[in-house]
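One structure is given below, encoded as structure tokens.
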Amino acid sequence: MLRIVSHIKRLLQVHDCVIVPGFGGFVLQAAPAIYVAEEQLFRPMRKELLFNENLRHNDGLLTESYMKAYRVDYKKACRMVEEEVCRLKEELTMQGDLSLGEIGRFRIGGEGQLAFQPGEPDLFTPEAYGLPAFHMKTLQSLQREEVALLTREKKTSGDTIYVPVSRKFVRTLTASAAAIAMFLLVSTPVKDVNKSAYTASFIPTEMLSTPLPVPEPVYTEPVAEEIVVKEEPAAVIQETPVATAPVKNRKMYHIVIGSFLTDKQADDFMSTVNRSICTGMDKIARDGKIRVYADKFPDREEAESYLEQVRAHGTYQDAWLFISR
């Protein structure tokens, strides 16, 4: 099987549209959740795989996937994709049938039209993530089944009507009755209980027969407590330094020649800049962007004069003045 099939399958796990340049595009279309009343089946929301022959442009997804997988540049990846697309078309033309594994199968119809049949149905649906379709009977159907069961049992047993009782309820009822009977047989009558046998005490019963002598209270003179007064240390007066006004940050005027989103993009751009023109080139990060500037000045007039010199060169005619603190 061609390598391009595994790339398409992997990309469809992340993207809803994967275009094969010069061949067509695979599109994942969301299908809503449905309920099939005849089968009492609930089917959750899913994705259906379709093929659009009119989508033939190169959106870059397959090319980027080849670049990462085989560590090649953009041109080499484009050539690899084109070669495998040519092999797909040749096999489809010669055999009239082309299999892409789990993705699906292509066939050429009688009038020359290209027909696509999706392959594995669970590949891009919620069933692959633990959300399969399920059956749930309605309350009316359960009631009809119960009535039919009772009617059938009544016919087979004559005039006797059997009430269905669960086995768990019978076992619970039997165990409760046995426990009550055992309690009534084993329990001791109240009149034969020796209260002293069930009484706990820390004092022997012989001592409780005679009253214990109560000691007379003894009064003692209260002893005067000596009050000690601690001397507080003398307060030390410190001189508070006089607050000085904060120094304001000085403005800097940057001559910006490029603005980027990442450091790597900025570094790649800086490697191509003519340093004989942009002698003080560097980069500054502000507001989520990386700005590359040719030079910076503390004076605005000096910065504007340098800006005109930079714009005089055709390469940096879009340079502009950026003020920072």
Point to revise | Residue check for L55: more than 27 Å from the chain's Cα centre (by Cα) and without any contact (Cβ under 8 Å) to a residue 40 or more places away in the chain | key: yes
Review point. From the residues in segment 121-163 that are in a loop (DSSP other than H, G, I, E, B) and β-branched (V, I, T), which one is modelled with the highest pLDDT?
Key: T138
**Study point:** Index of the failed condition, F134 passing every other in (1) within 30 Å of G22 (Cα to Cα); (2) open to solvent by 70 Å² or more (accessible area, probe 1.4 Å)
**Key:** (1)
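Condition check ((1) outside any helix (DSSP H, G or I); (2) loosely packed, with under 13 Cβ neighbours inside 10 Å) across all residues:
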{"position": "A266", "(1), (2)": "no, no"}
{"position": "I284", "(1), (2)": "yes, no"}
{"position": "R291", "(1), (2)": "yes, no"}
{"position": "E304", "(1), (2)": "no, no"}
{"position": "V310", "(1), (2)": "no, no"}
{"position": "T315", "(1), (2)": "no, no"}
{"position": "I323", "(1), (2)": "yes, yes"}
Check your understanding: Which pairs have Cβ atoms under 6 Å, sit 6 or more apart or on different chains, and link a residue in segment 103-121 that is on the phi > 0 side of the Ramachandran plot to one that is open to solvent by 90 Å² or more (accessible area, probe 1.4 Å) and in a strand (DSSP E or B)?
Key -> G104/Q117
Revision key, fill the gap. Residue hits (segment 247-264; crowded, with 16+ Cβ neighbours inside 10 Å and among the β-branched types (V, I, T)) are I255, V256, I257
Review point. If you check every pair at least six apart or on different chains, which have Cβ atoms under 7 Å apart with a residue in segment 311-325 that is over 14 Å from N274 (Cα atoms) first and a residue that is open to solvent by less than 80 Å² (accessible area, probe 1.4 Å) and among the acidic types (D, E) second?
Key: L321/E304
Exercise for review: Consider only pairs whose beta carbons are under 8 Å apart and that are at least six residues apart or on different chains; among these, list those whose first residue lies in segment 243-258 and is more than 30 Å from S271 (Cβ to Cβ) and among the basic types (K, R) and whose second residue is at pLDDT 55 or above and open to solvent by 30 Å² or more (accessible area, probe 1.4 Å).
Suggested key: R250/P298; R250/R325
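The values are calculated or read from the model by the stated rules, or taken from the named source; none is laboratory data. From a predicted model like this one, the values you see are computed outputs, not experimental measurements. Note: ideal-geometry Cβ built from the backbone for every residue, glycine included; neighbour counts use all protein chains shown. With ligands, DNA and RNA removed, areas are computed over all heavy atoms of the protein, side chains included. Shrake-Rupley method; radii C 1.70, N 1.55, O 1.52, S 1.80 Å.
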